[in-house]
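K.L.:
One structure is given below, represented as C-alpha cells, and several questions about it will come after.
The values are calculated or read from the model by the stated rules, or taken from the named source; none is laboratory data. None of these values were measured; they are calculated from a predicted model. Methodologically, a virtual Cβ is constructed for each residue, glycine included, from the backbone with ideal geometry; neighbour enumeration extends over all protein chains shown. With ligands, DNA and RNA removed, areas are computed over all heavy atoms of the protein, side chains included. Shrake-Rupley method; radii C 1.70, N 1.55, O 1.52, S 1.80 Å.
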Amino acid sequence: MHALVLACVHRIAHPYDEERLIWTYDIHLLAGQMTPSEWDALATYAQERGVAAACARGLALARETFGSGVPDATRQRLAAAAGREPVSARYRRAGQRHIQRIWSDFALLPSWGMSNAAATMVG
C-alpha cells in the first residue's frame, strides 16, 4: 500500500504530472497486488497525508491505460478528498517552476516553521 502511494506521489512531484508509461505501469502492477483491506487503508492513508489527489490521478491513468482494477469505493473516497487538498493542487498547476515546487516542499516541513504568507508568495 505504501509503495503504491509513493508511486502515485512520485508522478506529480518529479516532473509535474508527466505521463510516463513506465511509472503508470508500476502503479498498475502495484494496484494488482492490493487486497480489499489494503485499498481501504490506502484511501485512509492518502486522505490523512493529503495525497488523495495524487493517488486518484495515478490510479486513474493506470486504469485508463492498463485496465487496472480499482474499487469504486476507493476511487470515490480519493476523489472526495482530492478537492480538499490545496497542497497537491500546487503540484498539479501548469507552468510552475521547479524552484516553486522545491520551496513548497520546504514549507511543509514542521521544523522550518514557514508562515502561510511566505508559502503563498512562492506558490
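K.L.:
Keeping the other protein chains in place, figure out the carbon and sulfur percent of the accessible area of segment 21-75, with a 1.4 Å probe.
P.N.:
Carbon and sulfur: 53 percent of the exposed surface of segment 21-75.
K.L.:
May I pose another question? Spelling out what I want: for every residue of segment 49-56, take phi, set θ = phi - 60°, compute 6.51 cos²θ - 1.76 cosθ + 1.60 (Karplus), and round to whole Hz; glycine and proline get x.
P.N.:
8, x, 10, 4, 5, 5, 5, 4
K.L.:
Among 23-36, 49-62, how do they line up by average Cβ neighbours within 10 Å per residue, starting with the highest?
P.N.:
49-62, 23-36
K.L.:
While we're looking at this one, here's another question. Find how much the distance from Ala41 to Ala3 grows on full extension, using 0.36 nm per residue of separation minus their present alpha carbon separation; answer in nm with one decimal.
P.N.:
12.4 nm
K.L.:
Sorted by packing (mean other beta-carbon atoms within 10 Å per residue), highest first, where do 65-71, 78-84 land?
P.N.:
78-84, 65-71
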